[in-house]
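This report concerns only the one structure given below.
All of the numbers you see were taken from the coordinates with simple rules; none came from a lab. Since the structure is predicted, the reported quantities are computational estimates derived from the model, not experimental observations. Because the Cβ atoms are built from the backbone with ideal geometry, glycine has one as well, and the counts that use them run over all protein chains shown.
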Amino acid sequence: MQVVASGILGRAAPGTDRACLTFPSVTALADGRLLATLRAGDEKDSAREGIEAYSSVDGGANWVGPTHPFVAPELQGRSGSLKLCYITELAPGRLVAAAMWVDRTSFPGKPLFNAETEGCLPMAILLSNSDDNGATWSAWRQVPMPEEIGPPSLTSPLLRLRDGRLAMSIETNKTYLDRSRWRQRAVFLLSDDEGVTWSTPTTVAEDPEGRIFNWDLRCGVAPDGRIVSFAWTYDSRTTSYLNINRRVSDDGGLSWAGPEDIGVADQAARPAIFADGSMVLAWVDSFGSRSIRARHAADIAAPLGDEVVVYAHPQPEATSAGTGEMLSSMGLWNFGLPSATALPDGDALVVYYAGETGALDVRWARLRR
């Protein structure tokens, strides 16, 4: 596997509300276009953040944008910001956008994550539909969440399962002032009516002892209907990262095989899964090589094969810290959040953010297997 092309999808504008571009995602549409979304803000966490959209008609070599089709609504009289937005194609011409909304009213001026309690600001998951291939979008509608979820984190685009259902990957959190022990888990919610209603949560990844956290679950669906998930795995007792864990479901997300250590550590990307069932997985190596790397596998459950460096960061290695300190200092991390998309010609497109503090671009790399 090799990187055959690379470039800038969205260029930061230092000193503006577009200084920090993060959370990129690309959807390959049935008409051949690529549709990308990313989060733009003056800092990596800010009330002055919003969603930008871009499109490409040449496989990602050139991008048109940004446009701003999504505006953060008020919910129950509270203003907020959109932290991320993912787009899924339901059918040719029919799209659904899933966004994570952050309440910026209840705790004015406070950061998303409370380093003292390990709690999060109030959040909500919003959905919007387009019946004209993204030209226009419906008003946002909020997805009801059970109280047990707490502030919900959206960790992947909505998955279109083989039987037509949708799956939503959600990570649980504590409320902002909650000082109780954090028992984190990742769950799926399922919908059989294209997102109008959703099931109760089904657990995908959880440590019964509450010690191991399964963060940022990145998911994909194979042509045969199996679902694969990759978890950024963290030991809260030793405050250290473990290797990424892979889980596979062969019944539409209702049950999952046990976690499998895939031999590399840190944060996984959304996998690019191809029509032949093979996969490209990218991930961030923050504390070792300080790079974004990728490997190919013949199947979503197969061992990872040859490796390629997608991006190498020039700065020295980061240092480890306690859970609260580590999460609250995310603004110091200057590369990451990769996401991979399978392209119609058999290549994979990996998007990620990288740059310097106060100037983070979103970049792309085309990988050939």
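Numbers for the structure displayed
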| read-out | value |
| --- | --- |
| Neighbour-count ranking [beta-carbon atoms within 10 angstrom, fewest first] of Ser79, Ser153 | Ser79, Ser153 |
| Hz values of 3J(HN,Hα) by residue in the stretch 30-36 - Karplus curve (6.51, -1.76, 1.60), Gly and Pro given as x | 5, 7, x, 6, 10, 10, 10 |
| At R0 = 30 Å, FRET efficiency that the Cβ-Cβ distance of Ala13 and Glu116 yields, to 0.05 | 0.35 |
| Counting DSSP beta bridges with both ends in the chain, the antiparallel % (nearest 5) | 95 |
| Residues Glu89, Glu260 arranged by fewest to most Cβ contacts within 10 Å | Glu260, Glu89 |
| Rg and Dmax [Cα atoms of the stretch 2-368; Å; Rg one decimal, Dmax integer] | 18.8, 52 |
| Taking His68, His313 and counting other C-beta atoms within 10 Å, the order from fewest to most | His68, His313 |
